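Derivation of every value follows stated rules applied to the coordinates shown; laboratory data play no part. Keep in mind the model is a prediction, meaning the values are calculated, not measured. As a convention, Cβ positions derive from the backbone with ideal geometry for all residues, glycine included, and neighbour counts pool all protein chains shown.
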Amino acid sequence: MADMVKEDNKNPDVAEFFSQHLYFSRFPEGDRIYMANRCNVKKLSKDEVIFRDNEIGKCGYIVMDGAVKIYKEGFLGEEQIAQLGKGDIFGEMVLLDALPRSASAKAISDAKLIELTDDMYTDLKAKRPDIAVKVMDIFLKLLTTRLRTTTLRLFGQF
């Protein structure tokens, strides 16, 4: 929005990360700074659990550094669904549907995550719907890609 007052960059590491991210780099600089100023960075140690299957969540994450494993627990232990690295987004479904988590996640190395909280996303929708729509587009791209990948794994080619 052209009439928005330019904000000081209070979170330069996150703003810089966004400027190099596959999706967020397409945002204007002011939008990246606006988002960065509202994000938290969470530092994790190797094997630290981020969230568990069936928990009620309040945020999604972007891997800023390190690696994360998404998994389900079964009779034989952990079954890995995905391994994520720098730039990958996960846990975002809770921001869209507020339902319990569908899998567990933990750091498989020391890691830094950018937290996208429910409160931040709600505030974004109210105060900067132009940015919220762009974030929603990213979530939709991720979800459709994951659905297509799952369909291919289960049924082969379309």
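Points to keep in mind about this one:
- Sum of side-chain charges, Gly77 neighbourhood, beta-carbon under 15 Å (Lys, Arg +1; Asp, Glu -1): -1
- Mean projected area of the convex hull spanned by the Cα atoms of segment 87-158, taken over all viewing directions: 6.5 nm².
- For segment 12-150, the relative contact order works out to 29 percent when only alpha carbon pairs closer than 8 Å and six or more residues apart are counted.
- Average projection, convex hull of the Cα set of the chain: 10.3 square nanometres.
- Computed 3J(HN,Hα) for segment 115-127, one whole-Hz value per residue from the Karplus formula 6.51 cos²θ - 1.76 cosθ + 1.60 where θ = phi - 60°, is 8, 10, 7, 4, 4, 5, 5, 4, 4, 4, 4, 7, 9, glycine and proline marked x.
- Value at 222 nm in deg cm²/dmol, rounded to 500, when DSSP H runs of n ≥ 4 in the chain each add -39,500 (n - 2.57): -11500 deg cm²/dmol
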